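Derivation of every value follows stated rules applied to the coordinates shown; laboratory data play no part. Owing to the predicted nature of the structure, the values given are computational and were not obtained by experimental measurement. Using ideal geometry, Cβ is built from the backbone for each residue, glycine included, and neighbour counts are taken over all protein chains shown.
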Amino acid sequence: MNTFQNKVAVITGGAHGIGRCIAEEFHKEGAVTEVIDIREGDHYVGDISDRKVLEDFVSYVIQKHGHIDILVNNALPLMKGINDCTYEEFEYALKVGVTAPFYLTKLFLPYFSEHASVVNISSSRDRMSQPQTESYTAAKGGIAALTHALAVSLGPKIRVNSVSPGWIDTDYTVYEGPDAYQQPAGRVGNPLDIANMVLYLCSEKAGFITGENICIDGGMTKLMIYHNDHGWTLE
């Protein structure tokens, strides 16, 4: 369909998993994609916790394209809990998960086209937690809040939204039994479930949506769980 023909889309953490799927789907729709990832590969390699890396990457993109239309802040923060997470590790998680999206948006600000779109990848953990996940959860909560702050500051030229994935299996594993049915949708998610929403939010069809955080989790966060209810037991 070439919905994004000649649009320039930048994706952080786009070399694998959800980020790679997002980049591939934009490419299929005609976009020119620029990926930065800490992993080696045929993309811009760098650690986005480093301010200089962010500045050099933005210079690279702008020298190459002159502008951008879409920014997807997807890179994955470190997940460690309060028992084991050091000060430096917690700070690193926030740099990757909150500071880098803020600073990239700021650096690209003069170069966003009219009706540009920013999509931040948060997590359903922005509203619920497992034990010992503080660094990741704090980063995801931060990016969710940053989303509506940026939407207010950058509108109407730029729309800013976030997507909060639930359980997404990046290997497209098909689960059965309780693993599947704990989601009211009856299955575990896959990267396309997230990529499809990201592309929609960046399209003209979503022109009246900004500041929103859309949770895509098969309904998991809506399912109330009680002991001995529908086979759930606390052991």
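Among the GluC sites (Glu not before Pro) in region 7-48, those located in a DSSP loop and surrounded by at most 10 other Cβ atoms within 10 Å of their own Cβ are Glu40.
In degrees from 0 to 90, rounded to the nearest 10, what is the angle of the helix 134-154 Cα long axis to the longest principal axis of the chain? Orientation of helix 134-154: about 50 degrees from the principal axis. For region 166-212, with equal point scatterers placed on the C-alpha atoms only and solvent neglected, what are the log10 I(q)/I(0) values from the Debye formula at q = 0.15 1/Å, to two decimals? At q = 0.15 Å⁻¹ the computed log10 ratios are -0.51. If the Kirkwood radius is taken over C-alpha pairs of region 8-222, then at 10 °C and 1.306 mPa s the Stokes-Einstein diffusion coefficient equals 91 µm²/s.
Across region 182-235, the convex hull enclosing all Cα atoms gives 109 Å³ per residue. When the chain is treated as a Gaussian network with alpha carbon springs shorter than 10 Å, the biggest mean-square fluctuation among Leu94, Leu78, Leu223 belongs to Leu223.
Checking every one of the trypsin sites (Lys or Arg not before Pro) in region 16-102 against DSSP loop status and a limit of 13 other Cβ atoms within 10 Å picks out Arg39. Summed over qualifying helices (DSSP H, 4 residues or more, each -39500 (n - 2.57)) and divided by its residue number, the chain shows a 222 nm mean residue ellipticity of -10500 deg cm²/dmol.
Think of region 64-198 as having a plus end and a minus end, set by charges on the Cβ of Lys, Arg, Asp and Glu; of Thr137, Val188, Gly81, Thr137 sits farthest toward the positive end of this dipole.
Local charge sum around Thr170 (other residues, Cβ-Cβ under 13 Å, Lys/Arg +1, Asp/Glu -1)? Overall, the nearby charge balance is -3.
Comparing Gly186, Gly219, Gly177 in a Gaussian network model of the chain, where Cα atoms under 10 Å apart are tied by springs, the biggest mean-square fluctuation is seen for Gly177.
Could you calculate the contour length gain from Asp171 to Tyr87, that is, 0.36 nm times the residue separation minus the distance between their Cα atoms, to one decimal place in nm?
27.0 nm
The magnitude of the dipole of the chain, with charges of +1 and -1 set on the Cβ of Lys/Arg and Asp/Glu and taken from the Cα centre, is near 740 debye. Highest mean packing first, where packing is the average number of other Cβ atoms within 10 Å per residue, the peptides 153-160, 201-208 line up as 153-160, 201-208.
Region 104-124 and region 57-93 have Cα centres lying 13 Å from one another. With the convex hull of the Cα atoms taken as the outline of region 94-144, the averaged projected area works out to 3.8 nm². Using the Kirkwood formula over every pair of different C-alpha atoms, what hydrodynamic radius in Å results for region 142-235? By the Kirkwood definition, the hydrodynamic radius is 15.2 Å.
In region 8-222, taking the dipole from charged Cβ atoms about the Cα centre, the farthest positive-side position among Phe26, Ser153, Met197 is held by Ser153.
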